[in-house]
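Q: I am attaching a structure below and will ask some questions about it afterwards.
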Amino acid sequence: MTEKSISVSMMCADIFSMRETLEALTKNKISYLHLDIMDGEFVPNFTLGTDYCRLMKEHSEIPLDIHLMIGNPEKKLSWFTFGENDIVSVHFESTNHPYLALQMIRERGAKAFLAINPGTSASVILPMLSVLDGVLVMTVNPGFAGQKLAESTLDKIAEVRMLAEQAGKKELLIEVDGNVSFENAVRMSRKGADIFVAGTSSVFRKDMTMDVAAKKLREAIETGSV
């Protein structure tokens with residue numbers, strides 16, 4: 001059974017206390033730093049960027065989880081700093097050449113993930129399985145934090161798991177991104193999710209410390225209860 005992992009959404013972190021935040025994330029054994037890269041065209045928002053990725057790579061030992069919400073990512077992968085143990089996700093909807101983009105990610109030693117929006121069928125992963133390390137199931141529409149869970153995406157998690165296993169790809173990782181609250185994380189975990197992108201609904205909540213929130217989320221995804 002694959003170990004459940006937490007990937008924290010760094011767009012939710014306070015930029016003015018970043019050093020303390022990174023120390024707290026390391027202390028709490030967070031698996032990945034989730035970096036949302038938005039170009040204002042593929043999604044209606046503009047966040048983070050190439051220098052942010054480079055700095056996170058330089059100042060933290062936690063692997064990066066780079067989520068490219070940008071058009072034609074295969075033309076821009078060379079702009080970003082990543083390598084072994086990192087995850088890079090490209091959206092199926094963002095390019096006519098998703099297979100090529102995934103190949104390019106793998107050639108640099110990172111894990112190649114295909115991100116799919118709530119309205120995209122799980123079956124699109126099938127032609128990509130040979131170059132896929134994982135699937136990022138968007139459980140909200142990409143672009144903004146703080147959205148309500150799209151309930152239909154829970155069944156999509158289970159469908160991705162079923163399709164992968166039927167194709168003999170049992171090792172495929174499933175990541176979920178969007179309204180990963182403690183309660184929703186339980187439901188996502190039960191459907192087969194492996195990696196949970198944590199933001200303002202869990203790890204970066206204002207009503208509890210990160211130590212308490214991270215522990216509560218880890219218990220939720222590992223035990224299936226809160």
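Q: Take A185 and decide whether it is part of a helix (DSSP H, G or I), in contact with a Phe, Trp or Tyr (Cβ under 7 Å, 6 or more places away or on another chain), under 25 Å from A220 (Cα atoms) and modelled with pLDDT of 95 or more. Quick ask: steps written out before the conclusion?
A: Working: part of a helix (DSSP H, G or I): yes; in contact with a Phe, Trp or Tyr (Cβ under 7 Å, 6 or more places away or on another chain): yes; under 25 Å from A220 (Cα atoms): yes; modelled with pLDDT of 95 or more: yes.
So A185 fits the description; yes.
Q: Can you name the residue in segment 2-21 that is more than 15 Å from I87 (Cβ to Cβ) and open to solvent by less than 20 Å² (accessible area, probe 1.4 Å) and, of all such residues, is modelled with the lowest pLDDT?
A: If we take residues in segment 2-21 being more than 15 Å from I87 (Cβ to Cβ) and open to solvent by less than 20 Å² (accessible area, probe 1.4 Å), then A13 is modelled with the lowest pLDDT.
Q: Further, regarding this structure: Could you please give the count of residues in segment 83-138 that are open to solvent by less than 20 Å² (accessible area, probe 1.4 Å) and either part of a strand (DSSP E or B) or free of Cβ contacts under 8 Å to residues at least 24 places away in the same chain (or both)?
A: Adding up the residues that qualify gives 15.
Q: Under 27 Å from C12 (Cα atoms), more than 15 Å from the chain's Cα centre (by Cα) and free of Cβ contacts under 8 Å to residues at least 40 places away in the same chain: which single residue out of M162, M208 fits that description? Walk me through it before giving the result.
A: Values: M162 fails: under 27 Å from C12 (Cα atoms).
Going through M162, M208 in turn, just one is under 27 Å from C12 (Cα atoms), more than 15 Å from the chain's Cα centre (by Cα) and free of Cβ contacts under 8 Å to residues at least 40 places away in the same chain: M208.
Q: Say we look at segment 139-159 and pick out the residues that are open to solvent by less than 10 Å² (accessible area, probe 1.4 Å) and touching a residue at least 40 places away in the same chain (Cβ under 8 Å); which of these is nearest to S5 (Cα to Cα)?
A: Once the filter is applied, the top-ranked residue is T139.
Q: I'm trying to understand the selection: among the residues of segment 136-170, which are of a type in the set (D, E) and modelled with pLDDT of 95 or more? Steps first, please.
A: Restricting attention to segment 136-170, the residues satisfying the condition of being of a type in the set (D, E) are 151, 155, 159, 165.
Listed by number, the residues that qualify are D155, E159, E165.
The values are calculated or read from the model by the stated rules, or taken from the named source; none is laboratory data. Predicted model, so just to flag it, every value in this text is computed and none were measured. Note that we place each Cβ from the backbone using ideal geometry, even for glycine, and neighbour counts take in every protein chain shown. Note: areas computed on protein heavy atoms with side chains; ligands, DNA, RNA excluded. Shrake-Rupley method; radii C 1.70, N 1.55, O 1.52, S 1.80 Å.
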